[in-house]
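Enquirer: There's a structure below that I have some questions on.
The values are calculated or read from the model by the stated rules, or taken from the named source; none is laboratory data. This one's a predicted model, so the numbers in the text were calculated from it and none came from an experiment. Please note: Cβ atoms are built from the backbone with ideal geometry, for glycine as well, and neighbour counts cover all protein chains shown.
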Amino acid sequence: MRNWLKAAAAATLAATMLTGCSFGGNDGQGEKTPTSLKVMYYDESSFYQEYGMLFSALYPEIELQVVSTQSIYQSSGDGEEVDIEKRKQEFLEKEKPDILMLEMNEYEKMAQDGKLIDLNSYITKDKFDVEGLVPGMVDYMKELGGGQLYGLPSGFSSQVLFYNKDLFDKYNIAYPTDQMSWNDVIQLARQFPVEGSKEERVYGLRVGYSGDLNQMSTMIANAEGLNYVNPTTKEMTINTAGWKNAVQTAYDALKSDALYSEDPNNGMMGGTSYEDYLLRNPFISNRLAMTIDGSWFIRELEEAKNNVKDPSKLVQNWDIVTMPVSAQMPDTSSSTYYNNIFSIAKDSTNADAAWKFISYISGEDFARVKSKVAYNNGFSIHTKYIKDEEGRNFAAFYKLKPAKQLYDYTDFDKLPTQFSMMFYNYMNEEFMAIQNDEKTIDEALETLQVKGEELLAQESMTQEEIDEMWQKQMEEEQAKMQEAAGEAAAE
């Protein structure tokens, strides 16, 4: 990828020089004015690979200086609570970056605090085309900005529902459609037959990698805007009617045998070739009607087409629709996210040059070049470059807006450092007990509520203690896998 970007930058620069185009500012005499821009980003190397190399080739008169934000989020190592907001303010005061790379909740907060420059005047002056951008994106950014546009994303990511049209045709079942609810999708999955061995039968739906109760319940709960903890108030919120409904929906779906769940031994069985690896995915091997995945799965489908010798083993006719949604919020999805929002700091002395960077990164030329790099990192914000040569419904990737985030994710840093890891393990244990009919949903959620409250009352562990806990968990998981592999070999 690095070599490709270098080549693309060189080619773009050469084309610019050949056509005699002039970029950048000047002093009125045709001379370019040197400008230095400070860019707030998490890592200098990744910034240049993703953005800086192409921009610098086109605008050599603008010097980019990357100030890394990694120090903001580094643990103190002694278990003490880290005040991310305080660190961030100290960082901004010290470095004074012109361009800020923000996530959605950071963008919303800084816009509300009056720390960003409104981009509308620049857009009007330069006649920047917003019509070709992802529908609803600019309005959403204005909504977060209190009515003004203070930044533009450089891309977005989302998940969708892939479906096998041939299997739907074979069993005379209607295709899924955009904005179906979770209940509707599950009912669709249950129309497929459940007979046959696990290795050969057809399945209706796969949710996530493992497809277990924990993962599916969480995805349904997220669609409804539910979380298991309120990090701002440090209160557990898992023992609620909403969560009970989400878990019950997932439980009923799993018990119907319509859903595919990953065999933990799947990676240790069968052949060892790349073709064998690809065919282990039941959607690729034509045994799964629907699966939820991201844009990266398109690359895997293409890899299978190019590497599996017998085409009859592969899914041939597939398409996509939007991710299942909440019936109460059919236009939003918790799996849609606008990435790397670039804004201009209110006190920047180089706002014009900063806008030049943002307008290029958000513009069609950059989108055209970046569209050549598959779909591994999501999509451009220009719908013109989100298309499929075979006419598939790629609009499903951008039809849903991001769900409004209920909490600032930095508030999670205020929880004990061990909370997320340990509570996830508790969820796995309790949800597996539900799945195995060893506990009722009410019993498991009540237990999780209590265990979560106990974790929230603890002091944060030191980094050394966290590392020891990780190591112990990894050893236990490895022992379980070896035991399962031995049992599978014996059978």
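Enquirer: Looking for whichever is within 17 Å of residue 402 (Cβ to Cβ) and not hydroxyl-bearing (Ser, Thr, Tyr) here; the options are 139, 113. Which one fits? Give the steps one after another, and end with the answer.
Expert: On the way: 113 fails: within 17 Å of residue 402 (Cβ to Cβ).
Answer to the selection: 139.
Enquirer: Specify which of the listed residues (205, 149, 226) is buried (at least 17 other Cβ atoms within 10 Å of the Cβ), assigned to a strand (DSSP E or B) and of a type in the set (A, V, I, L, M, F, W, C). Can you show your working first?
Expert: Numbers: 149 fails: assigned to a strand (DSSP E or B); 226 fails: assigned to a strand (DSSP E or B).
When all the criteria are applied, what remains is 205.
Enquirer: Looking at segment 406-416, which of its residues are touching a helix residue (DSSP H, G or I) at 6+ places or on another chain (Cβ under 6 Å) and either acidic (Asp, Glu) or in a loop (DSSP other than H, G, I, E, B) (or both)?
Expert: 408, 413
Enquirer: Among the numbered criteria (1) at pLDDT below 90; (2) in a helix (DSSP H, G or I); (3) more than 30 Å from residue 135 (Cβ to Cβ); (4) within 24 Å of the chain's Cα centre (by Cα), which single criterion is violated by residue 427?
Expert: Only one criterion in (1) at pLDDT below 90; (2) in a helix (DSSP H, G or I); (3) more than 30 Å from residue 135 (Cβ to Cβ); (4) within 24 Å of the chain's Cα centre (by Cα) is unmet by residue 427, namely (1).
Enquirer: Is it true that some residue in segment 74-81 is surrounded by 15 or more Cβ atoms within 10 Å (Cβ to Cβ) and closer than 16 Å to residue 358 by Cα?
Expert: Within segment 74-81, the first condition is being surrounded by 15 or more Cβ atoms within 10 Å (Cβ to Cβ), and the residues that meet it are 79.
Filter once more, keeping what is closer than 16 Å to residue 358 by Cα: none.
No, segment 74-81 has no match at all.
Enquirer: Looking at segment 432-462 only, could you name the residues that are in a helix (DSSP H, G or I) and surrounded by fewer than 15 Cβ atoms within 10 Å (Cβ to Cβ)?
Expert: Residues of segment 432-462 in a helix (DSSP H, G or I): 432-435, 441-456.
Passing the criteria: 442, 443, 450, 453, 454.
Enquirer: Something else about it: For residues in segment 156-190 being in contact (Cβ under 8 Å) with a residue 60 or more places away in the chain and among the polar types (S, T, N, Q), which is nearest to residue 341 (Cα to Cα)?
Expert: If we take residues in segment 156-190 being in contact (Cβ under 8 Å) with a residue 60 or more places away in the chain and among the polar types (S, T, N, Q), then 157 is nearest to residue 341 (Cα to Cα).
Enquirer: Is it fair to say residue 192 is modelled with pLDDT of 95 or more, part of a loop (DSSP other than H, G, I, E, B) and among the hydrophobic types (A, V, I, L, M, F, W, C)? Give the derivation first.
Expert: Details: modelled with pLDDT of 95 or more: yes; part of a loop (DSSP other than H, G, I, E, B): yes; among the hydrophobic types (A, V, I, L, M, F, W, C): yes.
Judged against the criteria, residue 192 is a match.
Enquirer: So if I check each of 313, 244, which one is under 27 Å from residue 404 (Cα atoms), assigned by TED's automatic domain parsing to the domain that holds residue 190 and of a type in the set (Lys, Arg)?
Expert: Values: 313 fails: under 27 Å from residue 404 (Cα atoms).
Selected residue: 244, the only one of 313, 244 that is under 27 Å from residue 404 (Cα atoms), assigned by TED's automatic domain parsing to the domain that holds residue 190 and of a type in the set (Lys, Arg).
Enquirer: Going by the structure shown, is residue 468 at pLDDT 95 or above, more than 13 Å from residue 228 (Cα to Cα) and of a type outside the set (Ser, Thr, Tyr)? I'd like the intermediate steps shown before the answer.
Expert: Working: at pLDDT 95 or above: no; more than 13 Å from residue 228 (Cα to Cα): yes; of a type outside the set (Ser, Thr, Tyr): yes.
So residue 468 does not fit the description; no.
Enquirer: Would it be correct to say that residue 330 is over 30 Å from residue 118 (Cβ atoms), touching a residue at least 24 places away in the same chain (Cβ under 8 Å) and either under 22 Å from the mean Cα position of the chain (by Cα) or surrounded by fewer than 18 Cβ atoms within 10 Å (Cβ to Cβ) (or both)?
Expert: On the way: over 30 Å from residue 118 (Cβ atoms): yes; touching a residue at least 24 places away in the same chain (Cβ under 8 Å): yes; either under 22 Å from the mean Cα position of the chain (by Cα) or surrounded by fewer than 18 Cβ atoms within 10 Å (Cβ to Cβ) (or both): yes.
The answer is yes for residue 330.
Enquirer: I've got another one for you. Checking the structure you have, find out if any residue of segment 395-418 is farther than 21 Å from residue 223 by Cα, free of Cβ contacts under 8 Å to residues at least 40 places away in the same chain and either touching a Leu at 6+ places or on another chain (Cβ under 9 Å) or surrounded by fewer than 17 Cβ atoms within 10 Å (Cβ to Cβ) (or both).
Expert: Taking every residue of segment 395-418 in turn, none turns out to be farther than 21 Å from residue 223 by Cα, free of Cβ contacts under 8 Å to residues at least 40 places away in the same chain and either touching a Leu at 6+ places or on another chain (Cβ under 9 Å) or surrounded by fewer than 17 Cβ atoms within 10 Å (Cβ to Cβ) (or both).
Enquirer: Restricting to segment 105-146, what's the tally of residues that are in contact with a strand residue (DSSP E or B) (Cβ under 6 Å, 6 or more places away or on another chain) and either among the aromatic types (Phe, Trp, Tyr) or assigned to a helix (DSSP H, G or I) (or both)?
Expert: 3
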